[in-house]
Amino acid sequence: MDGVAELRAKYLAKVAQAGDAAALEAVRLAALGKKGEVALMMRGLGQMDAEARKSAGPALNALKDELDSAIRARRASLEDAALEARLRAEWLDVTLPGRPRPAGTIHPVSQVMDELTAIFADMGFAVAEGPQVESDWFNFDALNIPPEHPARQEMDTFYMARAPGDNRPPHVLRTHTSPVQIRAMQAQGAPLRVIAPGRVYRMDMDQTHTPMFHQVEGLAIDRDLSMANLKWVLEEFCRAYFEVDGVELRFRASHFPFTEPSAEVDIRCSWEGGQLKIGEGESWMEILGSGMVHPHVLRAGGIDPDAWQGFAFGMGIDRIAMLKYGIPDLRAFFESDLRWLRHYGFAALDVPSLAGGLSA
Ligand code: DAH
């Protein structure tokens, strides 16, 4: 029967040419669909005489089966080819090192805390912590600031609410990081070398003051420490932190209740053309308070002042961040302005270290 041979040749060729799943489906419908050519021929069997039908029937069925399996085979090979192409297009070398692109930045305060932690760790100082809601005793008394001491007024303290009928002194938002000195001494005893970076609070707000700001406390206790050790540690710190070799510090006699003697420390700088340069010029800028730990303070920390001496210092972190990174307004630190954060922030995965570079 000629018709069958023609259909066979025509549709096997079309199946072979079908370039994708949709084209192949169109070929299938044209041949084997309800109104397809093979179906139409099958319907024509009814009009044939019995003899013709006997040979045409099996031939059409065989054609139907053959086309059907040719279409299945073609479909499978098209699917394989599509998968091959996708695997080639989506190929990924999982052995390449990662290239992370974090969306956020590190706040300058966090950056500076990481920097100074790296610097002091290199000199043997561990990080100590204390609560931000602090008892009156730790924040004041233990630091040789008794109830009527004028320093209490100067601190512009935030007081916590007291339960009705509770006549004990109210807790405070710590006004400085110095109470961590007492906590570290009590927890670890002597000898001791710690820094305590963290938040502090005072009722104050203008271009250079915010009600919350950051300090870092330093405390070293040993058998024979003197102001000379303090001076060396602070000079080492400033050299590393400001990343200039020739820093010069000036110690000015001062007074703090918790140190005796006490000194405020200035750093040599210049302000040419509004540009601050550390380590040169004729100006001095105050950067911290310091001194030898008062015997009363050592005793409050459970340390015998006849056997041990210590030096301590306290520094404003926001202030040294502004100095190093040329940030003019302190209040912007705490406004969460994304444009400011993108401009002054640091790459999230560049952890400051003395070996790898602090701010590079
Ligand atoms: N606690 C002082 C303040 O907040 C800073 C300070 C001065 C800390 C001298 C010290 C120090 O440890 O020795 O102003």
*Based on what the data block shows, is residue 314 at positive phi, within 13 Å of the ligand (Cβ to nearest atom) and not in a loop (DSSP other than H, G, I, E, B)?*
no
*Inspect region 150-170 for any residue being part of a loop (DSSP other than H, G, I, E, B), hydrophobic (A, V, I, L, M, F, W, C) and within 16 Å of the ligand (Cβ to nearest atom) and give the result as yes or no.*
yes
*Filter region 286-308 down to residues that are part of a strand (DSSP E or B), in contact with a Leu (Cβ under 7 Å, 6 or more places away or on another chain) and either at pLDDT below 95 or away from the ligand (no atom under 13 Å from the Cβ) (or both), then give me how many there are.*
0
*Could we say that residue 221 is at pLDDT 95 or above, more than 10 Å from the ligand (Cβ to nearest atom), out of contact with any Leu (no Cβ under 6 Å at 6 or more places or on another chain) and of a type in the set (Val, Ile, Thr) here?*
no
*Would you mind finding the one in 283, 254 that is within 27 Å of residue 333 (Cβ to Cβ), surrounded by 14 or more Cβ atoms within 10 Å (Cβ to Cβ), away from the ligand (no atom under 15 Å from the Cβ) and over 34 Å from the mean Cα position of the chain (by Cα)?*
283
_Conditions (1) surrounded by fewer than 20 Cβ atoms within 10 Å (Cβ to Cβ); (2) in a helix (DSSP H, G or I); number of the one not met by residue 238_ = (1)
*For residue 267, which of the numbered conditions (1) more than 16 Å from the ligand (Cβ to nearest atom); (2) free of Cβ contacts under 8 Å to residues at least 40 places away in the same chain fails to hold?*
(1)
_Under 6 Å between Cβ atoms, which residue pairs at least 6 apart in sequence (or on different chains) link something in region 173-190 that is within 15 Å of residue 125 (Cβ to Cβ) with a partner that is within 7 Å of the ligand (Cβ to nearest atom) and of a type in the set (S, T, N, Q)?_
177/215
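The values are calculated or read from the model by the stated rules, or taken from the named source; none is laboratory data. Just so it is clear, the model here is predicted, and its values are computed rather than measured. Heads up, the Cβs are rebuilt from the backbone with ideal geometry, glycines too, and the neighbour counts pull from every protein chain shown.
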